[in-house]
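The values are calculated or read from the model by the stated rules, or taken from the named source; none is laboratory data. Not measured: the values here are computed from a predicted model. Note that each Cβ is placed from the backbone with ideal geometry, even for glycine, and that neighbours are counted across all protein chains shown.
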Amino acid sequence: MNIQVKETQAKKILTEAKGYLDVGFTHSLNPYSGCGFSCLYCYVREMPIQRFKDIPWGEWVDIKTNAAENYRNEILKLRKKTKPVNIFMSSATDPYQPIERKATITRGLLEEMNEHPPNYVQIQTRSPLIKRDIELIVKLQEKCKVLVSMTIETDREDIKRIFTPYAPGITLRLKALQELHDAGISTQASISPVLPFTPDFPKILEGKVDHIWIDTLSIGDGSMGKRSERLGMPTLFKEHGLSKWYRKDIHVAVEKYFRKFLPSEMVRVSKDEAFLE
């Protein structure tokens, strides 16, 4: 898939957290606009940033070349206040999508965070490329609280190919999680959104993560499932005989199932407070 790449100068890099991020985060941080992973269920497809774009989602990426500089200036201003700075990176893109290998915007941000740390940062990705920055993340964890959250919606590669054909494989993500965890980094598996999985899913994650986060297309798309409906998710589930997984209360069943195998305090759903402690 050809991707149109542009370099841009962002006015700001930290955005006040709202909506589904209002679970303890104060700001979101997106090193890029657009995302090369092009996941079919991605709610950003239904946001203004994409709806008023002529190019389809997944076929364009804007590189925020001044992201690190903006972060430094903005964190220094925020530090003059007494309130904590809890950052979610990223809410509308993947900080380790393929272009990051060359552009290194996320790496530059982590270097800047090591100089001017927030109180907390959650790095949300589905890319094994994050392994490149393990050393930086370990150093950052000495200065502030850090959680690396790897999106693993399912443990089935066949399901992954239906919903996220351009995203990294599940096995590669699990290996990355293990390496991060073994390096002493706090890790989380983000089952976001819940997709069909095998009965062994909890056991597969055991020993690789400190936390499990459960999200659904109804809760997590920011419009109580309306965006997901417009994206054709009910039809896609039905076409593949998976309709029983497309339920508004699926998180209740999944949470209950995971707590059969893992400590209750490890498992939370997206309506709860995030793991900021």
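Of all residue pairs spaced 6 or more apart or on separate chains, those with beta-carbon atoms under 7 Å, a first member in segment 72-95 that is farther than 16 Å from C144 by Cα and a second member that is hydroxyl-bearing (S, T, Y) and part of a loop (DSSP other than H, G, I, E, B) are D94/S127. Annotation: of all residues in segment 180-195 being surrounded by 20 or more Cβ atoms within 10 Å (Cβ to Cβ) and over 15 Å from the mean Cα position of the chain (by Cα), the one that is nearest to A274 (Cα to Cα) is I185. Taken over segment 19-48, the criterion of being within 19 Å of T106 (Cβ to Cβ) and part of a helix (DSSP H, G or I) is satisfied by L21, V44.
Which ones in segment 196-251 are small (G, A, S) and closer than 27 Å to K175 by Cα? Correct list: G207, G220. Every condition in (1) exposed (fewer than 13 other Cβ atoms within 10 Å of the Cβ); (2) in contact with an Asp or Glu (Cβ under 7 Å, 6 or more places away or on another chain) is met by Y32 except one, and the failing one is (1). Each residue in segment 1-18 was checked for being of a type in the set (S, T, N, Q), over 17 Å from I87 (Cα atoms) and assigned to a strand (DSSP E or B), and 2 of them qualify. For segment 229-268, the tally of residues that are among the hydrophobic types (A, V, I, L, M, F, W, C), crowded, with 19+ Cβ neighbours inside 10 Å and touching a residue at least 40 places away in the same chain (Cβ under 8 Å) stands at 8.
Quickly run through segment 49-88 and pick out the residues that are part of a strand (DSSP E or B) and closer than 30 Å to P117 by Cα. Hits for segment 49-88 are V61, D62, I63, K64, N86, I87, F88. Hey, does segment 232-241 have a residue that's among the charged types (D, E, K, R) and more than 15 Å from F163 (Cα to Cα)? No; the residues of segment 232-241 include none that is among the charged types (D, E, K, R) and more than 15 Å from F163 (Cα to Cα).
Give the residues of segment 156-194 that are among the hydroxyl-bearing types (S, T, Y) and either without any contact (Cβ under 8 Å) to a residue 12 or more places away in the chain or over 22 Å from S270 (Cα atoms) (or both), sorted by residue number.
Y166, T171
Annotation note: of E16, E59, E74, E46, the sole residue that is closer than 22 Å to F275 by Cα, of a type in the set (D, E) and either in contact with a Ser or Thr (Cβ under 9 Å, 6 or more places away or on another chain) or crowded, with 17+ Cβ neighbours inside 10 Å (or both) is E16.
Beta carbons closer than 8 Å, at least 6 apart along the sequence or on distinct chains, pair a first residue in segment 127-155 that is without any contact (Cβ under 8 Å) to a residue 40 or more places away in the chain with a second that is of a type in the set (S, T, Y) for L129/Y96; D133/T106; C144/Y120.
Of everything in segment 77-110 that's in contact with a His (Cβ under 8 Å, 6 or more places away or on another chain), surrounded by fewer than 24 Cβ atoms within 10 Å (Cβ to Cβ) and not aliphatic (A, V, I, L, M), which residue is farthest from Q122 (Cα to Cα)? In this case the residue turns out to be R79.
Residues checked against (1) on the phi < 0 side of the Ramachandran plot; (2) touching a Ser or Thr at 6+ places or on another chain (Cβ under 8 Å); (3) among the charged types (D, E, K, R):
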residue	(1), (2), (3)
V209	yes, yes, no
D215	yes, yes, yes
S223	yes, no, no
G232	no, no, no
E239	yes, no, yes
S243	yes, no, no
D249	yes, no, yes
A253	yes, no, no
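For segment 199-224, the set of residues classified as among the small types (G, A, S), over 26 Å from P128 (Cβ atoms) and surrounded by fewer than 19 Cβ atoms within 10 Å (Cβ to Cβ) consists of G222, S223, listed by residue number. With respect to being within 20 Å of K143 (Cα to Cα) and among the hydroxyl-bearing types (S, T, Y), T82 fits the description. From the list I130, I134, the lone residue that is under 22 Å from Y32 (Cα atoms) and surrounded by fewer than 22 Cβ atoms within 10 Å (Cβ to Cβ) is I134. Residue-level analysis places L21 among those that are closer than 22 Å to I137 by Cβ, at pLDDT below 95 and buried (at least 17 other Cβ atoms within 10 Å of the Cβ).
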